[in-house]
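This report refers to the structure that appears directly beneath it.
The values are calculated or read from the model by the stated rules, or taken from the named source; none is laboratory data. This structure is a prediction, so every number in the text was calculated from the model and none was measured. Every residue, glycine as well, gets a Cβ built from its backbone with ideal geometry; the counts of neighbours run over all protein chains shown. The area values use the complete protein model at the heavy-atom level, side chains included, leaving out ligands, DNA and RNA. Shrake-Rupley method; radii C 1.70, N 1.55, O 1.52, S 1.80 Å.
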Amino acid sequence: MRASSGIVPRLMNLVLLHNDDANALENDPGREAREDVERVALALAAALTTRGHRVRVLAAGANLTFLGALKSERPELVVNLCESLEGDARGEMLVPSLLELLGLPYTGSPALALGLALHKDRAKQILRGAGISTPGFAVVEQLADLAAVDLEFPLIVKPAREDASTGIDFESVVSDRAQLERAVVRVLTTLHQPALIEQYIAGREIYVPIFGNAPRRALPLTEIEYGPYYDERPRIVSYKAKWELESIECIQTNSGPALLDRELEERCIRTAFAAFDALGCRDYGRVDLRVTADGRPMVIDINPNCDLHPEAGYARTARNAGLGYAELAESLVQIALDRSRIGALNHEYPSHSTFGPGAALVAAESDAGVHAGRDQLRA
Ligand SMILES: Nc1ncnc2c1ncn2[C@@H]1O[C@H](COP(=O)(O)OP(=O)(O)O)[C@@H](O)[C@H]1O
Ligand SMILES: [Mg+2]
């Protein structure tokens, strides 16, 4: 498969931005996942360099020094890989807003979509409102709320503000009230965030990798395969299965091409695209589904900022579709550029017009004008 938008026509000045917070917390339950992002940035940088682009890899931290570097460098595009700031996944959504303040186009989803994907209860409310299937759920912010939860077992308890399987292990799957309470307490006290309690769907786990905006495409769907170790255990992709490569959990989970009949495949893709749209995601990402016994795909997770490591699922499935890593990297750049050009024509952020009613009084030369305009007003 070739990239829809073709090849970036000229050599560009790019910055790859990643979080640099694997050592920000003493006992970080998501450390391995955070470490991975810099490796992804380096791999993408190498790939884009082979295509002749001028590429700089930049770390983003809460001291915001990266903003100074971006301001002076003014890359033509930022490849935004940040998944957290200072060891907190909730920092992920701040980064696109800061890039917009600087007036810099960037790859991937905007702040609102990233924020919703990490507020899983809100995301599920939106899915429901849009008529998209997702397992029944409740959210618990304090233990006292648990008494009112009335869902049928088995259930899975997940942190409501994390991704990368952070906080998920076999004890997350519960089949009675005592186990449920233990799992909820663990999320509240060790991850310091609400617990999402969700109906456990025992069926097949299918991932839909999404690529591009106009047209939007699905790369080949993948399915998680669980080895015999899982015969007596919950079939879930736990944190260990995802990040501890030597663990039996990891060794006995594999992802391979999903062999689905055409109708089910189409249902999965339709459901995934609808979920991606409902949250306002764009450019690329992955929607995770579980299929019920009667063949209904249920959305369990929306990943607008999915792992782009060359050996992770997204790049592997792109490769199966004939899109090598360097070509994938360049396509993601092109997709973001095309989309941001169209966005500029449609007056996306900054939202003021460039002339006429609503125009900023003083347009900034380089930065997004709206804020400079306000400063001028105050003076
Ligand atoms: N409702 C569910 N039913 C069955 N398994 C689930 C459900 N929700 C999550 N899982 C399992 O837990 C894993 C991680 O959950 P997910 O919601 O994808 O969180 P994360 O955002 O951390 O990836 C999934 O890959 C899946 O194996
Ligand atoms: Mg997931």
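Sparsely packed loop sites in segment 9-90 (the trypsin sites (Lys or Arg not before Pro) outside DSSP H, G, I, E and B with at most 13 other Cβ atoms within 10 Å) comprise R10. Neighbours of P135 by Cβ distance under 10 Å: Lys/Arg scored +1, Asp/Glu scored -1, total +1. Here the scattering of segment 69-149 is modelled by Debye summation over its C-alpha atoms, one equal scatterer each and no solvent; at q = 0.27 Å⁻¹ the log10 of I(q)/I(0) is -1.23.
Heavy-atom accessible area, probed at 1.4 angstrom with all protein chains present, ranks V139, V237 as V139, V237, highest first. Amide H contacts for E225 (H built 1.01 Å from N in the peptide plane; partners 5 or more residues away or on another chain; cut-off under 5 Å): N254, S255, G256. Over the Cα atoms of the chain, each weighted equally, I'd like the Debye log10 I(q)/I(0) at q = 0.10, 0.13, 0.15 Å⁻¹, rounded to two decimals. Each listed q maps to, in turn, -0.66, -1.10, -1.42. For segment 136-199, the calculated P(r), taken from all Cα-Cα distances in 5 Å bins from zero up to the bin holding the longest distance, is 4, 21, 37, 27, 10, 1 percent.
Counting Lys and Arg as +1 and Asp and Glu as -1, what is the net charge of the other residues whose Cβ lies under 9 Å from the Cβ of F153?
Net charge around F153: -1.
Entry note, the chain: relative contact order of 19 percent, from Cα contacts under 8 Å with a spacing of 6+ residues. What segment 136-199 shows is 45 Å² of accessible area per residue, with the surface traced by a 1.4 Å probe over protein heavy atoms.
List the GluC sites (Glu not before Pro) within segment 170-210 that DSSP assigns to loop and that have no more than 11 neighbouring Cβ atoms inside 10 Å.
none
Leaving out ligands, DNA and RNA, and with a 1.4 Å probe, what % of the accessible surface on the chain is carbon or sulfur?
52
Under 25 Å of direct C-alpha separation, and excluding same-chain neighbours fewer than eight residues apart, K240 reaches these lysines: K120, K158. In this structure, the amide hydrogen of N19, modeled 1.01 Å from its nitrogen in the peptide plane, lies closer than 5 angstrom to those of A60, C82, E83, S84, counting only residues at least 5 positions away or on a different chain. The HN-Hα couplings worked out from phi for segment 249-264 by the Karplus form 6.51 cos²θ - 1.76 cosθ + 1.60 (θ = phi - 60°) are 4, 6, 4, 9, 10, 9, 10, x, x, 7, 9, 10, 6, 4, 5, 5 Hz, whole numbers, x standing for Gly and Pro.
Label-to-label distance for S97 and D176 is 4.5 nm, based on points extended 7 Å past Cα in the beta-carbon direction. Rounded to whole numbers, the Karplus 3J(HN,Hα) couplings from phi for segment 199-206 are 4, 7, 9, 6, x, 5, 9, 10 Hz, using 6.51 cos²θ - 1.76 cosθ + 1.60 with θ = phi - 60°, and x at Gly and Pro.
Kindly sort K124, K240 by accessible area of their heavy atoms, largest first, with the probe set to 1.4 Å.
From most accessible down to least: K240, K124.
Between L11 and A62, full extension at 0.36 nm per residue minus the direct alpha carbon distance yields a gain of 15.3 nm.
What the phi angles of segment 103-112 give under the Karplus curve with 6.51, -1.76 and 1.60, with θ = phi - 60°, is a coupling list of x, 9, x, 8, 7, x, 7, x, 4, 4 Hz, glycine and proline written as x.
Distances between placed amide hydrogens fall under 5 Å for Y106 paired with V78, all partners being 5 or more residues away or on another chain.
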